[in-house]
1. Quick one: of Lys118/Lys252; Lys217/Lys329; Lys53/Lys258, which pairs are farther than 30 Å apart, Cα to Cα?
2. For region 97-102, in order, what is each residue's ³J(HN,Hα) by Karplus, 6.51 cos²θ - 1.76 cosθ + 1.60 with θ = phi - 60°, in whole Hz (x at glycine and Pro)?
3. Looking at region 279-313, which trypsin sites (Lys or Arg not before Pro) are in a loop (DSSP not H, G, I, E or B) and have at most 15 other Cβ atoms within 10 Å?
4. Using a 10 Å cut-off on Cβ atoms, rank the peptides 334-342, 245-253 from the highest mean neighbour count down.
5. What ranking do Asp280, Asp225 get, fewest neighbouring Cβ atoms within 10 angstrom at the top?
6. Can you bin region 156-217 into rounded, prolate or oblate? Criterion: square roots of the alpha carbon gyration tensor eigenvalues sorted a ≥ b ≥ c, rounded for a/c under 1.5, prolate for a/b above b/c, oblate for the rest.
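What follows draws every value from the coordinates through simple rules; no lab data is involved. The structure presented is a predicted model; accordingly, all values stated were derived computationally and were not measured. Because the Cβ atoms are built from the backbone with ideal geometry, glycine has one as well, and the counts that use them run over all protein chains shown.
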Amino acid sequence: MITVYRAVLAATLVTAGGAAIAPTIVTRAQRDQQQPVIQRVLDETFEKYRNLKEGKNADYIPALAKVNPELFGITLVTADGKVYTAGDVGTQVSIQSISKVFTLAKVIEQDGPEKIEKTIGVDATGMRFNSIVSIEFSQKSLGGPEMNSLVNPGAIATTSMVNGSSAAEIWNSILGYYSDFAGRPLTVLDDVYQSEAATNQRNQAIGALMYAYGYIKANPAQATDIYTRQCSVGVNAKDLAMMAATLANGGKNPVTNKQVMTPDNVPYVLSVMATAGLYDDSGKWLYHTGLPAKSGVGGGIIAVAPGKFGVAVVSPPLDDAGNSVRAQKVIREIVARLHANPYEVRPRTVATTGSR
């Protein structure tokens with residue numbers, strides 16, 4: 001059955017160098033056959049990892065320490081809008097750093113991809129996500145910028161770039177954009193926001209330093225507060241998978257059919273996810289999956305198979321790098337079993353009838 005799904009995916013598969021592989025003609029019957037394959041893979045992967053006890057909840061934000069560590073849900077949404085789930089996909093957690101992806105997307109849409117590249121940067125820092133030292137190293141006199149929108153300094157600065165005449169207008173613009181990606185109205189988990197706002201002194205310091213160095217043009221306290229609020233948006237596994245699937249579908253939500261993002265801008269977002277999406281372990285992640293991804297300390301991870309699907313897992317216990325232990329294992333297995341790694345390209349076999 002897995003080979004059937006591989007044949008279906010072949011219609012959109014390209015080589016790592018960008019050359020198109022001759023598409024496979026896919027019948028409606030074949031498309032129907034892929035559905036039980038995907039569901040079976042999700043069900044079996046869920047059962048395999050449901051009793052995993054590795055990792056622990058983030059505790060530097062008190063509200064996150066209180067989240068049920070047993071929470072575990074998987075959702076995969078295909079580029080044509082099919083939704084597959086396993087486990088608890090309804091309970092909300094805070095989106096945390098996954099939000100950085102979609103604020104980055106908004107600023108790219110608003111100002112174009114060059115603005116982010118020239119102001120924030122698109123290089124992996126090689127340091128912790130909340131590093132202050134990395135800000136010093138990012139100075140152009142030292143050869144920078146070595147920063148990106150998926151680590152806290154770059155993320156707070158990116159949030160400060162969202163247009164709006166007031167904090168409320170900026171916030172409503174960000175929240176509405178996230179909601180369009182998810183395909184439903186999203187809201188803030190107020191207990192998480194209050195907990196983060198009371199303990200975000202380090203991010204306040206980062207915001208002030210980014211202002212001092214000119215990355216934030218005005219009101220760093222406002223930028224930090226809006227960033228804190230965006231990290232506190234409530235999402236479940238289905239929301240996250242839908243957001244990932246919207247990226248996989250060229251910026252169009254595959255269920256609502258709303259074009260949320262310009263297709264030409266999607267690759268810029270995915271490339272930053274690929275190089276910096278899982279903090280210190282981004283290279284390891286890409287090595288094993290080949291997919292752009294983003295994690296959050298709320299326990300979620302999203303991954304994008306361009307043209308094919310978005311997948312998300314929610315499981316709060318994290319490893320030392322701040323990534324969900326169970327979510328990493330689950331998505332790696334799903335990608336392997338569905339042969340969704342874009343670097344996994346097998347040579348064509350040429351049928352011969354013998355020499356003459």
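1. Where the Cα-Cα span goes over 30 Å, the pairs concerned are Lys217/Lys329; Lys53/Lys258.
2. Karplus-based 3J(HN,Hα) across region 97-102 equals 6, 4, 4, 4, 4, 7 Hz.
3. Values: sites: Lys284, Lys294, Lys308; in loops: Lys308.
Sparse-neighbourhood loop trypsin sites (Lys or Arg not before Pro): none present.
4. On the way: 334-342: 19.1, 245-253: 25.0.
Result, highest mean Cβ count within 10 Å first: 245-253, 334-342.
5. Details: Asp280 18, Asp225 22.
Going from sparsest to densest Cβ surroundings: Asp280, Asp225.
6. Working: a/c = 2.57, a/b = 1.35, b/c = 1.90.
Oblate shape, in that a/c is at least 1.5 and b/c is the bigger or equal ratio.
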